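Have a look at the structure below, then the notes.
The values are calculated or read from the model by the stated rules, or taken from the named source; none is laboratory data. Every value quoted in this text rests on a predicted model; they were computed, and no experiment measured them. When we count neighbours, we look across all protein chains shown, and the Cβ atoms used for this are built from the backbone with ideal geometry, even at glycine. These accessible areas exclude ligands, DNA and RNA; they are computed on the full protein's heavy atoms, side chains included. Shrake-Rupley method; radii C 1.70, N 1.55, O 1.52, S 1.80 Å.
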Amino acid sequence: MDIINKKILLVGGGGFIGHNLALYLKDKNAIPYIVDSLSVNNLYSINKEEVKNKNLYSSILNNRVEILNKKGIKSIIKDARNHEDILKIYQEIDPDIIIHLAAVSHANKSNKDPHSTFDNSLRTLENTLDFARLKKKHVIYLSSSMVYGNFDGKEVDEDTTCNPIGVYGTLKLSGELIVKAYSSVFDIPYTIIRPSALYGERCVSRRVGQIFIENAIQDLDIEINGSGEEKLDFTYIEDLLQGIYKSCTSQNSINQIFNITYGNSRKLSELAELLKSEFPKVNINYAGRDKFIPERGTLNVSKAKELLDYAPQFNLEKGYIKYIKWYKNFWKNL
Ligand SMILES: NC(=O)c1ccc[n+]([C@@H]2O[C@H](COP(=O)([O-])OP(=O)(O)OC[C@H]3O[C@@H](n4cnc5c(N)ncnc54)[C@H](O)[C@@H]3O)[C@@H](O)[C@H]2O)c1
């Protein structure tokens with residue numbers, strides 16, 4: 001399916017994945033529309049949070065807005081929880097495809113604030129589906145590898161039984177079930193995408209790869225939770241964007257679930273070694289791990305390769321070093 005001049009609504013599109021996706025889709029000559037409150041892990045909330053490097057994050061978030069404006073991408077600042085208001089906006093946009101990204105997208109935050117996670121993740125999703133059922137438009141839902149729970153040392157594919165632990169993974173799986181229920185009752189075409197351990201330009205979510213770089217730039221030690229042997233399927237943002245784009249353009253994506261990752265897990269200690277190649281003086285310390293974060297590993301991406309012609313391009317050596325170089329440059333120009 002061609003998406004040239006197709007309108008693509010990105011709910012929660014002002015976030016890390018969403019704004020990068022809007023830029024990617026625009027380059028493919030689609031017409032992305034962002035709807036975002038900018039109030040969760042974004043411009044209007046960052047000053048209220050007790051996080052380090054607030055000024056840095058404000059600069060990064062402002063940089064997102066500047067780039068989007070420069071590219072002429074339309075952003076509507078609105079809370080997607082308000083059913084009446086938001087459906088009017090969706091109707092005005094009249095999208096061909098809807099990509100649902102809005103959520104509290106961090107497992108630690110979700111466990112600390114389940115109420116807000118439920119509201120911003122599932123209330124917003126139901127509004128998206130309530131609109132989609134009227135128009136029968138393709139809905140793409142961003143789920144997570146956290147739906148699987150502990151991988152028990154094995155690779156997981158889309159048929160692996162889901163046993164999430166903690167609030168985040170459980171709500172992500174609930175979202176998948178709601179999407180599938182609306183699809184079967186109202187005949188909405190859907191695609192569910194399960195990414196994992198993403199990293200890349202303009203992320204402010206403070207996941208491990210980002211914190212490592214920020215500490216190293218400031219000559220601070222880095223801390224690894226656990227022994228360093230733990231493995232994650234680190235995925236550079238551009239590989240995920242390719243997978244989402246192919247889900248928009250291929251009929252094979254309809255009513256399917258896909259793992260979209262690099263497809264090869266790597267140890268945290270390997271990530272730290274790569275960091276050391278760019279910051280030779282950095283010190284590494286080890287600390288205890290959070291029991292509500294499942295032990296993960298490789299997500300098998302054969303299904304996406306076969307059905308969507310998905311072809312991930314960025315191993316950790318290529319993607320992480322590219323990200324580090326971007327960070328150094330951004331920091332220099334602050
Ligand atoms: N980044 C990852 O590693 C990763 C991995 C797996 C899954 N995901 C999923 O992908 C999606 C996007 O993740 P992200 O990394 O871009 O997160 P993010 O926090 O950067 O972006 C989420 C966006 O949703 C918006 N939002 C939240 N509640 C809203 C509401 N009520 N109304 C309007 N906008 C609202 C926020 O303002 C924010 O801009 C999430 O659903 C997340 O669970 C992310």
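About its Cα centre, how strong a charge dipole does the range 239-334 have in debye, to the nearest 20, once Lys and Arg get +1 and Asp and Glu get -1 at the Cβ? Don't skip to the answer; put the middle values down first.
Working: 15 positive and 9 negative charges, 67 e Å.
For this selection, approximately 320 debye.
For the range 167-239, give the percent of accessible area contributed by carbon and sulfur heavy atoms, probe 1.4 Å, rounded to a whole number. Walk me through the numbers before you get to the answer.
Numbers: 1280 of 2490 Å².
Carbon and sulfur atoms account for 51 percent of the accessible area of the range 167-239.
May I ask you to compute the full-extension gain from residue 295 to residue 180, defined as 0.36 nm times their residue separation minus their alpha-carbon distance, rounded to one decimal in nm? Don't jump to the answer; show the numbers that get you there.
Working: separation 115, 0.36 × 115 = 41.40 nm, distance 2.67 nm.
So the extension gain works out to 38.7 nm.
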Sorted by chain and then number, the residues having a modelled amide H within less than 5 Å of the amide H of residue 6, at least 5 places away or on another chain, are 31
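Going through the range 1-36, which trypsin sites (Lys or Arg not before Pro) have at most 11 other Cβ atoms within 10 Å and a DSSP loop state?
On the way: sites: 6, 7, 26, 28; in loops: 6, 28.
Here no trypsin sites (Lys or Arg not before Pro) fit, given the DSSP loop and packing criteria.
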Among chymotrypsin sites (Phe, Trp or Tyr not before Pro) in the range 105-143, those in a DSSP loop whose Cβ has at most 10 other Cβ atoms within 10 Å are none
Between residue 85 and residue 227, the two model label points (7 Å from Cα along the beta-carbon direction) sit apart by a distance in nm of 5.1
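So what is the accessible area of the chain per residue, in Å², with the probe set to 1.4 Å?
Numbers: 14570 Å² over 334 residues.
On a per-residue basis, 44 Å².
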With labels modelled as points extended 7 Å from the Cα through the Cβ direction, what inter-label distance (nm, one decimal) is found for residue 52 paired with residue 159? 4.5
Evaluate the distance, in nm, between pseudo-label points positioned 7 Å from the Cα of residue 135 and of residue 285 along their respective Cα→Cβ axes. 5.1
Under 11 Å from the Cβ of residue 317, count the other residues' Cβ atoms, weight Lys and Arg +1, Asp and Glu -1, and hand me the total. +1
Positive end of the dipole of the chain, charges at C-beta (+1 Lys, Arg; -1 Asp, Glu), about the Cα centre: which of 141, 302, 174 has its Cα farthest in that direction? 141
5 angstrom amide H check on residue 140, placed H, neighbours 5+ away: 98, 99, 100, 191
Low-density loop trypsin sites (Lys or Arg not before Pro), the range 288-317, at most 16 other Cβ within 10 Å, DSSP non-H/G/I/E/B, are 289, 291
FRET E, pair residue 315, residue 150, Förster distance 30 Å, beta-carbon r, rounded to 0.05: 0.75
Report the Stokes-Einstein translational diffusion coefficient (µm² s⁻¹, integer) for the chain, Rh taken as the Kirkwood radius over Cα pairs, at 10 °C with viscosity 1.306 mPa s. 79
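Let me know the Kirkwood hydrodynamic radius for the range 96-147, please, with Cα pairs as the basis and the value in Å to one decimal. Write down the numbers at each step before the final one.
Details: mean 1/r = 0.0847 Å⁻¹.
After inverting the pairwise mean of 1/r, the radius is 11.8 Å.
Pulled fully out, how much extra length does the chain show between residue 1 and residue 39, if you take 0.36 nm times their separation in residues and subtract their Cα-Cα distance?
Values: separation 38, 0.36 × 38 = 13.68 nm, distance 3.40 nm.
Contour length minus Cα-Cα distance gives 10.3 nm.
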